[in-house]
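Asks: One structure follows; several queries about it will come next.
Computed from the coordinates by the stated procedures, all read-outs in this text should not be read as laboratory data. Since we're looking at a predicted model, the values are computed, not measured. Glycine gets a Cβ as well: all are built from the backbone with ideal geometry, and neighbour counts include every protein chain shown.
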Amino acid sequence: MRLILLGPPGAGKGTQAEHIVSHYEIPQLSTGDMLRAAVAAQTALGLQVKDIMARGDLVSDDIVIGIISERISASDCANGFILDGFPRNVPQAKALDALLIEKNIALDAVIELVVDTEILVDRILQRAAQSSEARDDDTPEAIRHRIQVQQPAPVATHYGEEGILQKIDGMLSIEEVSTQISTILDKI
Ligand code: ADP
């Protein structure tokens, strides 16, 4: 099963991806996690993206497309994967389309978690307060910036046009969202 979880920062993509990983035994590919690992390891890539990420800006499309292209070719992705945080804009979505065609595979679903902008800042601040690892981009300014520049609407429209977009109310409880996702995935 190959799917994309779409939603603004703080929508609950990571939380829901964890449920899907354990239930369907496919890996979660989070570009945010991979980039944070590169920053923590101080690799050349990490040094290149550190400040961009701390501001809440998007890193360049070439970087994330390169990361994903390599990652989905790994053997643990043979039965599928969940993309979390990628694609984040239409050029990335188009690059992914081309990549999947090249690999002769297709997406099964694109699930968008829809959440009102006003509640996202509070959610992210709450997550930050409960987390043991501080994120450079969890300042109120960077959070607001992330929400502003990382709205998933254009990407959702792209997949809507491809006819594979499913929207879920991301303001329901974690369990309810999870149940709705399972209902969609069990039909695949
Ligand atoms: P959030 O928890 O806010 O949804 P992520 O952990 O997914 O954020 O991503 C953190 C940061 O990593 C983003 O703010 C951005 O700087 C960078 N990033 C992650 N995925 C992408 C992407 N697909 N394109 C560009 N930048 C990305």
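Asks: If you take the beta carbon distance between GLN130 and SER22 as r and set R0 to 22 Å, what does 1/(1 + (r/R0)^6) give as a FRET efficiency, to the nearest 0.05?
Replies: Working: r = 21 Å, r/R0 = 0.93.
Efficiency at R0 = 22 Å is approximately 0.60.
Asks: With the crude spin-label approximation of a point 7 Å out along Cα→Cβ, what separation in nm comes out for THR15 versus MET34?
Replies: Distance between label points: 2.5 nm.
Asks: Under 17 Å from the 7 Å Cα→Cβ point of VAL90, by amide nitrogen: which residues of segment 146-161?
Replies: Inside the label zone: 149-161.
Asks: Would you mind getting me the FRET efficiency between ASP116 and ILE174? Use the beta-carbon distance for r and R0 = 22 Å, nearest 0.05. The partial results should precede the final answer.
Replies: Working: r = 17 Å, r/R0 = 0.76.
Approximately 0.85, to the nearest 0.05.
Asks: What is the spin-label model distance, in nm, from VAL149 to GLU102 if the labels are put 7 Å beyond Cα along the C-beta direction?
Replies: A separation of 2.6 nm, rounded to one decimal place.
Asks: Could you check the simple spin-label distance between ILE188 and SER73, using points 7 Å along Cα→Cβ, in nm with one decimal?
Replies: Distance between the two pseudo-spin positions: 2.3 nm.
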